[in-house]
Amino acid sequence: MLLRLISPLMNVVDLPMRALQRRLGISRLAWVFLLPNLLLFGTFAFLPILLNFAYAFTGTDNILLLDRTFVGAENFAQLLDCDSYLDPNTCARDLFWRAVHNTAWFIVMQVGFMVGFSLLTALVLNREIKARGFFRAVFFFPVLLSPVVVALVWKWVLQRNGILNAGLEAVGMDSVVWLLDRHWAFFWSVFLSVWAHMGFYTLILLAGLQAIPRDVYEAAVMDAAGPWRTFRRITLPLLMPTMLVVMVLALIKGVQTFDEIYAFTGGGPGSATTFIIQYIYETGFGGAPRLFGPAAAASLLLALLLVALTVIQLWITRRSSNG
Amino acid sequence: MANVTAFLTRTRGRGRLHWTDWASYAYLALGVFLMFGPVIWLVVSSFKTQAELDRFPPRFLPYAPETVQLDGHAEPLPLFRVTDGPLAGETVAQVRRIGLTSQVVRPEAPGEVVKINRADRVPVERVKPALENYRTLFERFDFMRYFWNSTFITLTATAITLLVNSMAAFALAKYEFRGRGAVVALVIGVLMVPQSVVLVPLFMVTREFGMLDSPWGVIIPGAATPTGVFLLRQYMLTIPDEILDAARMDKASEWKIFWRIVLPLSAPAIAVLAILSIMWRWNDFLWPLIALSRSENYTLQLALNSFQGEMRTEWSSLLAMTVLTLLPVALVFAFLQKYIATGIASTGGK
Amino acid sequence: MTTAGEQTPHISRRTARLELRNVTKSFGKAEVIRGVDLTVEQGEFCVFVGPSGCGKSTLLRMISGLENVTAGEIRIGGDVVNDVPAAERGLAMVFQSYALYPHMSVRQNLSFGLENLRTPRGQIAETVEEVAAMLQIDMLLDRRPKDLSGGQRQRVAIGRAVVREPRIFLFDEPLSNLDAELRVEMRGEISRLHARLGNTMVYVTHDQVEAMTMADRIVVLRDGQVEQVGAPLELYNSPANLFVAGFIGSPRMNFLTGRVEAGRLRLDNGQMVDVPHGKFSLEDGAAVTLGVRPNHLIPVAETVSGLHATVRGIEQLGGDSYVHAVTAAGEAVSLHRPGQTDLTVGAEVYLEPDPDQLHLFDTATGRALRADPARDSSAEKS
Amino acid sequence: MTPTGYFTKGAALAAMLAGGAASAQEIRFMCYSDGNECEAAGEIIERFEAENDGVSVVIDKVPYKAILENLPVQLAAGTGPDMAKVTDLGGLSKYYLDLAPHVDRAYWEESFGPILDWYRKGPDDDGIYGLHSQLTITGPFINRTLFDQAEVEVPGPDATWDDWAEATRKVAEATETPFAMAIDRSGHRIAGPAISYGAKLFGEDGTPTLVDEGFTTFAQKFVDWNKDGTMAPDVWGAAGGTTYQDAAQEFINGELVFYYSGSWNVQRMDSSIGDAFDWEVVGSPCGPAACTGMPGGAGIVGFEQTQHPEIVAKLIDFLAEKENYADLTAKSLNIPAHAAVAAEGVTYEGASEQAAAALNAFAAQVPTVSPIAFAYQGYKNNRAMFNISLARVSQAIVGELTVEEAMARAKDDLAQALAESGE
């Protein structure tokens, strides 16, 4: 197989690695294994973020750092300048805070629906059904589509002259311009996101369900527990560690949401579906005026949030794998 | 006959289907409809002419007007069925339309022009896929070259991603060393920051490495993925340490343990990452657009988008283009879906 | 398994002496092995036994090189190996979970180690065939571990160790995953293997029956320290302390506390027991524990000197019977009789300990009380 | 073949190889197209290559997104192409190669006159930087058939936006057409109407102000029309940020009476509408101050970073030659920016009479463009101003902000953008 093809190569690598192992000892060898990843990570993920610091504290529209002038924390100050953080209209950078609010709402809705539907689907797939493999694959299929395609598919379905409106008119209802109404647009954004990603979480939850030993259920049957009670008292608690992982993954994914919604609604109507990443992208890259400084400042605030979420996630994973 | 019914309605364990079984199948049927329906609609639509795409309410299959070539007319003429007036019931060819009247001829008598009311005619149509949507795409660029570029980038990047991420995951899963927790948090945390917010500095860094406008500029920056490290590490944690110890007693070096023992044992997780990585790279658009500017280096996604102008969205081309990029994904999916499911099932739970 | 006399041309007999000098292991502040001194002679079958958490597996892993030594010295064949990597110590190990490589066939499992040693291909094949034949797994060579039964996996795991021709075999609770019948069978096989190969073997178990049946010498460990070292019957007959006495022998030795009164023993339940003179050095008033094995308690007709107890439970096995009773002071005693018994639950019994088989321990230190200190084993608390 | 023949051939080959090795002059031209502009230019460029040995021009055809978003970053980082077709004429001016030393200044000034200003860095700059290959002008398309069916008279050339709104509403009502009017979702598109309503956009001293009474008046009217359904709400309402959205689809489907777009759509209307209905191009409606559209378009420029400035200049100059320019405009169905070509009139290739008429109707509007509109098009930060007005007016339309709030925010945004660009 493929393994056989690369094995001579791996054997060649074995020689220097053996020498290193002898010299460093096993526990320090771990760093050698980490090195390639750390190098790539350092250069193409960490360094850009560090450079973003440099952009965040400097002004002018120059892209070359040396040509930029130091402005201190001005960019952060402007981003955080609000009379009330609950009302974007009172903020100096109202669009940033609209994006923050939208993202927060989006995450709450998206994580809720995502976990709910994934769980429901996993429960159904966990039953004794025919062609389980096929159905499992069906729900996973959209995960493989590119964000642009996902957006296009639904735009095409939802457009004024789209098939959904045709269906509504066929049953005697009025057609709706779905993406014109802020609430509908938001709803469809959540829907689209759940549609595109729930397959991934469904499979994780399904694995969690299948890891619950059969005899626990048999014991519950012997204890005369009804299906609902079995679910509440047996399935849900035993699935909790997996649920937590799914929730945190969905949360992080939610914060990162950009491509598909950008291609879907463009952030509209108005700014109803503009999320943080889109704000940063449009401010710093998407076209004139190109405000590198404020965009970098906003991206650092976001990075802070993501690192915090990751730490929480690791903590939860550790806790659930220990307990 | 009774046997057949019994067979059809049998669940794996006991007797007849319970109502919850019906509910489950109904839910799954809805799922199939929702998950596949829109995509199928998109594919069917990509075979429609622009005029057909604009039609409301839409029809499922692509139709094209029937035309006829008549003497004395250079262009083929569209056929109509007349619904009212003196010619009612006849099939006629329209020569031209002026305002609300339409000038038609009967195919038997191509010289004799008749004027009828525009509202009194319906076009004669038949199912005909508009292959020209695809033909124009292929005429516009060298498909094989971009297909090769995309394939090269996708496969190389996936290979590098697998190697680098699995090495890191191995170190994080199987060694105790000072600073491990910090490395995990930092690596995963920082890599969580999406590429789209660091485009400018990333561009500058890539430029410094001289990798702009080369496939490597697309391959290398995305090779270290948090999802990959995380996924593989979680899976490797489930491999018993005793197996590694046994290999150490068998005089295997750590590197050999990695690639002869741990890598093969992580095959399901590797398969998942491979599939995800192929998808990511194949579908990638934003970064290649920035990193590649010479058209000979373009990926398929870029090439297909290259006729996207400032002012127009042509659904017919856009849909055909989308279907083309979708095709490899669908193929990979069809062949590998089994591995995807088992792979994620065995990695995700932990 | 073939008979011991058969030729095994490709497996050479290598063996070595193993010495531990004040070996210590700490994980952070927790000291799990506290200064172990031990010598395992060439060709000896040495069993480490002790309750779970006593450090026996850690000690084994330190010998193997999979675990570092915090302090002290490990010598194999006279050489200090503290800094020699596991793979180069010339040892082989059989793991509790077998640790077979799940993705390799039995043949690949057996040959992996030899490949790493850069053994020529032909020789690998011959050695593998031979070992497989010896362990009766030759018809399984192309199967994967998941297609094998527990016993077969065990054999493969042993085979993987054998092909390496190690100087010392290390076994880490290898039989704990097998059912009772297989366990008896494998015990015999490992013993025969030892007889045939003659290597030094170190075997870790928590099952004292395995220790008793297989060992040349047993090392009893508790809390990272050696409690006693000796041949199986030596430990059985002359346990050095309460712990060893209680751990070795099944069912467990009965313990009754009391005090020395004028050369006799007054138990806490008020009864007096005679102890043979000269066998123990007794001090008047000393708190002592009387130890007597269940088969050394003999039911007698009502007497004043005997132990008075009420039967609470009876296990009739046909060939043997076990009687569980309670003394007036609430101490549980058990009694092992050959054949079948006619005692019934609730019956009152009088028990006379066999005076030649009494054990006395200092209640405070747990140490055995003996007249002749020379009979004390080497490893006492220092 | 004679020995001499062999010899000459061999020598020529050797010379070619040597020349190729010494001066393999490859020019990269980054091009995007809304139709066939790159292909049309390509044909002319082939002639240039034939005339100039050793020069090869590679056309990198990219999505418009790349020109808009990536090219500026590449130029700033010094990794741009030799030349490109750009739309942010003023914004990229600092990277342009000055063609003046290599071309005939008199010819260029005579042919392109004031349009050359659009490419210049400021009022004091008299360099020649770009060839305006695609002159556009905004203006309305109307569905004549619907007017005829509704028996409503098409408003005359002096009609105001209000007149048009009223007339188109009547048409829509009478013919049950869903929408009366639509304007492309673009900051550039509402600039013309805003100027017609008195927007000055720049202060006395030439500093940009964007928001003033005139601009607010039109914004208010536009928001109201969106709310009462006169304007097709999907266009501005259903998208966000600076997303471009047109309404050509609706117009082609006959669902729209009046579509304010521009000359670039002529080709599409021509090919898509076919004989479904009759359509026309009319003059931009009036406001109290003017009856203007917005000029615009794209041009071909060279960049200072190029290794081959002379060849780049020569190539652009070649494209600007009268016959070539006429050829380009004819093939790509554009309005000529070249005075002599315009004066002669263009015979459009492959266009119907209707399309040619529409193009000429647009061309006729060029002289009536307001000076403010002309200056706005030439201002280097106009992209930022377009985007700001687009985003903020959109928010007012969907009700996130009132018109006053939106205008105030737009002022702030402009101030921030100008501060960053160092003005």
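Where a number appears in this text, it was derived from the coordinates with a stated rule and is not lab data. Note that the structure is a prediction, hence the values are computed from the model and not measured. With ideal geometry, Cβ positions are generated from the backbone for all residues, glycine too; neighbour counts draw on all protein chains shown.
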Please list the non-local residues whose amide H lies under 5 Å from the amide H of residue C:47, H modeled 1.01 Å from N, same-chain partners needing a gap of 5 or more. C:203, C:216, C:217, C:218, C:219
Given B:330, B:283, B:169, which one lies farthest toward the positive end of the charge dipole of chain B, if we put +1 on the Cβ of every Lys and Arg and -1 on the Cβ of every Asp and Glu? B:169
Count of lysine pairs, chain B, Cα-Cα under 24 Å, sep. 8 or more residues or interchain, comes to 5
For the stretch C:18-237, place one equal point scatterer on every Cα, skip the solvent, and apply the Debye formula. What is log10 of I(q)/I(0) at q = 0.11, 0.17 Å⁻¹? -0.53, -1.22
Could you compute how fast the stretch D:368-423 diffuses translationally, taking Rh as the Kirkwood radius over C-alpha pairs and applying Stokes-Einstein at 4 °C with viscosity 1.567 mPa s? Give it in µm² per second. 106 µm²/s
Residue ranges of DSSP H helices in chain A that stretch 18 Å or more (Cα, own long axis) and have mean Kyte-Doolittle hydropathy of at least -1.0 are A:2-24, A:26-41, A:94-125, A:182-210, A:236-256, A:292-322
Given Cβ point charges of +1 (Lys, Arg) and -1 (Asp, Glu) and nothing else, what value in debye, to the nearest 20, does the dipole of the protein assembly as shown about its Cα centre take? 5640 debye
Work out from phi, with θ = phi - 60° and the Karplus expression 6.51 cos²θ - 1.76 cosθ + 1.60, the ³J(HN,Hα) of each residue of the stretch C:331-343, listed in order in whole Hz, and give x for Gly and Pro. 7, 7, 10, 10, 9, 10, 10, x, x, 9, 10, 9, 5
Rounded to 0.05, the calculated FRET efficiency for the beta carbons of residue C:192 and residue A:232 at R₀ = 41 Å is 0.15
Listed residues A:199, A:109, A:150: farthest to the positive end of the dipole of the stretch A:58-211 (Cβ charges): A:199
Between the helical axis of C:180-197 and the dominant principal axis of chain C, each derived from Cα atoms, what acute angle in degrees is found, rounded to the nearest 10? 60 degrees
Around residue C:93, which amide H atoms from residues at least 5 apart in sequence, or from another chain, sit under 5 Å from its own amide H, with H modelled in the peptide plane? C:170
Hey, what D do you get for chain B in µm²/s if you plug the Kirkwood alpha-carbon radius into Stokes-Einstein at 4 °C and 1.567 mPa s? 50 µm²/s
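Round to the nearest 0.05 the FRET efficiency obtained for residue C:71 and residue A:22 when R0 = 30 Å and r is the Cβ-Cβ distance. Walk me through the numbers before you get to the answer.
On the way: r = 24 Å, r/R0 = 0.79.
Taking R0 as 30 Å, the efficiency between residue C:71 and residue A:22 is 0.80.
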Can you list the residues, at least 5 places off or on another chain, whose amide H is less than 5 Å from the amide H of residue D:198, using H built in the peptide plane? D:289, D:290
At a 4.7 angstrom Cβ threshold, list every cysteine in chain D that has nobody to pair with, or say none. none
For the stretch B:46-52, in residue order, the Karplus 3J(HN,Hα) values (coefficients 6.51, -1.76, 1.60; θ = phi - 60°; whole Hz; Gly and Pro = x) are 5, 9, 9, 6, 4, 4, 5
From a point 7 Å beyond the Cα of residue C:42 in the direction of its Cβ, which residues of the stretch C:153-189 have a backbone N at a distance under 19 Å? C:165-170
Residues listed by number, the stretch A:290-309, amide nitrogen under 19 Å from residue A:73 label point at 7 Å toward C-beta: A:293-305
With everything on Cα atoms, drop me the angle between helix C:121-134 and the longest principal axis of chain C, reported from 0 to 90° to the nearest 10. 30 degrees
Between B:279, B:249, B:167, where does the largest GNM mean-square fluctuation fall for chain B, given springs only between Cα atoms within less than 10 Å? B:249
Give the aspartates and glutamates whose C-alpha is closer than 18 Å to that of residue C:29, dropping any in the same chain fewer than 8 places away, or say none. B:176, C:67, C:223
How many partner chain Cβ atoms sit within 10 Å of a residue's Cβ in peptide D:56-66, on average, as a whole number? 6
Which one, C:226, B:206, D:174, projects farthest toward the positive side of the charge dipole computed for the protein assembly as shown from Cβ point charges (K/R +1, D/E -1)? C:226
Any DSSP H helix in chain B with Cα axial reach of 20 Å or more and mean Kyte-Doolittle score of at least 0.5? Listed by number, the hits are B:19-45, B:143-174, B:267-283, B:315-348
Over 24 Å (Cα to Cα) - which of D:65/D:221; D:200/D:411; D:65/D:380; A:155/D:411; D:170/D:221 fall in this group: D:65/D:221; A:155/D:411
Electrostatic dipole magnitude of the stretch D:168-249 [Cβ: Lys, Arg +1; Asp, Glu -1; Cα centre; debye, to 20]: 120 debye
Taking the Cα centre of chain D as the origin, how large is its charge dipole in debye, to the nearest 20, when only Lys and Arg (+1) and Asp and Glu (-1) carry charge on their Cβ atoms? 820 debye
Within straight-line cross-link reach of residue C:56, lysines at Cα separation under 18 Å, skipping those fewer than 8 residues along the same chain: C:25, C:381
